[in-house]
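The values are calculated or read from the model by the stated rules, or taken from the named source; none is laboratory data. Source: prediction; values computed, not measured. All Cβ positions, even for glycine, are placed from backbone atoms using ideal geometry, and neighbour counts span all protein chains on display. What goes into the accessible areas is simple: the full protein's heavy atoms, side chains included, and nothing from ligands, DNA or RNA. Shrake-Rupley method; radii C 1.70, N 1.55, O 1.52, S 1.80 Å.
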Amino acid sequence: MSDIGHEQNDHERVPSRQRRRFPGISSRTYEHPADRSALVALRKLSGFDVVFKALSGLLPERSLRLLFLSDSVRVSDAQFAHLNAMLRDACYILDLEKVPPMYVTQDPQPNAMCIGLDEPIIVVTTGLVELLDEEEMRAVVGHEVGHALSGHAVYRTVLLFLTNLAIRVSWIPLGNLAVMAIVTALREWFRKSELSADRAGLLVGQDLHASMRALMKIAGGNHLHEMNVDAFLEQAEEYESGGDLRDSVLKILNLLPRSHPFTTVRAAELKKWAATRDYQRIMDGHYPRRDGDKDASVSDSFRESAASYASDVKDSKDPLMKLVNDLAGGASDIGGRVRRGFAGFSGSAPEDARDEPRDSRPDEGKPDSRPDEGKPDSEG
């Protein structure tokens, strides 16, 4: 990693518009509550980083570094100079003292990552470089620098190592269940850390439209003339609120194997955060400093995380989350709502899912002329 030299001439290639810099900013400023609670707890474990960095010989980190050095293009003033200027500018905005090495690797799939134990390295694919314009790419580079500032590279590498270690001992009775619990928890944290890094990208680029465009292109390719931000965000709204309990279960099953949230959801989450008072306070220069990280309260962070999840359930329009919220509130007819929600799995609504009691129905025993409730619409 090279010193950033905050008075460097790298701002020749930055936007002419004025952007705020955040001296001494703590990553707690932009971290999602669920991400922050895990990181605060890990940082409190004395010697945590030292112990696991000592295990780096068991990890493929050195091999990865040699691989990228030998078979990718290292970003510098001589190679991909515009990316180098973006990288140094992102580190300048977030006050990251050392600039991580950055590589461009040949891969048509748009992607970027920040990995490493001793020092983070950033890798972007040619597919991503070719897909995004300068301001969109600035948001992505800021996203990866946010990962570096949060220490996600260290903790992700460590926890993936622990997961792989757990898989090796999965022959122990109930081992598979334990491994799946670990993997599920890790992926949930990974997804929240991506939301954190999206916020960091917005703080660097300070252009919400560019961040939205980048996510749209990652979802739909380089066809902005065929896409619309408002319509894209409406997809997130439809995804969140549409369907019944069957769809809620399918959403969970689709999400579990993923390390990233769905793209429309990321766009909606970022837009929502950009509209908060917290974001405005950051832009006004009021934010936590990293010299206070050591004093951050673990219990307070966990309370904020719990409150965030509770708020998500309360405000969610998803049928399953509504049901969970009603259960917490003691709503009546929960059983009927569950049966109606899942009726389509069996192809017809169960008799006791009707609104009225059985003995009060007219013409008992005769065919019911009403359409089956809960039946899925036929598809072509």
Could you grab me the full set of residues in segment 225-239 that are closer than 13 Å to HIS209 by Cβ and either open to solvent by less than 80 Å² (accessible area, probe 1.4 Å) or in a helix (DSSP H, G or I) (or both)?
-> MET227, VAL229, ASP230, PHE232, LEU233
Strands (runs of 3 or more DSSP E) within segment 62-160 that include 2 or more residues modelled with pLDDT under 95, aliphatic (A, V, I, L, M) and open to solvent by 20 Å² or more (accessible area, probe 1.4 Å) = 112-115
Can you name the number of the only condition in (1) of a type outside the set (Asp, Glu); (2) at pLDDT below 80; (3) not in a helix (DSSP H, G or I) that LEU253 fails?
-> (3)
What single numbered condition from (1) modelled with pLDDT under 65; (2) within 27 Å of ARG20 (Cβ to Cβ) fails to hold for SER311?
-> (2)
List, please: which pairs have Cβ atoms under 6 Å, are six or more places apart or on different chains, and start with a residue in segment 7-36 that is closer than 19 Å to GLU194 by Cβ and of a type in the set (D, E, K, R) and end with one that is at pLDDT 75 or above and in a loop (DSSP other than H, G, I, E, B)?
-> ARG28/PRO288
Residues satisfying the stated conditions in segment 130-150, i.e. closer than 14 Å to ALA200 by Cα and aliphatic (A, V, I, L, M) | MET137, ALA139, VAL140, VAL141, VAL145, ALA148, LEU149
For GLY243, work out the one condition from (1) assigned to a loop (DSSP other than H, G, I, E, B); (2) modelled with pLDDT of 75 or more; (3) not hydrophobic (A, V, I, L, M, F, W, C) it doesn't fulfil.
-> (2)
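Output the residues belonging to segment 201-224 that are outside any helix (DSSP H, G or I) and at pLDDT 95 or above.
Hits for segment 201-224 are GLN206, ASP207.
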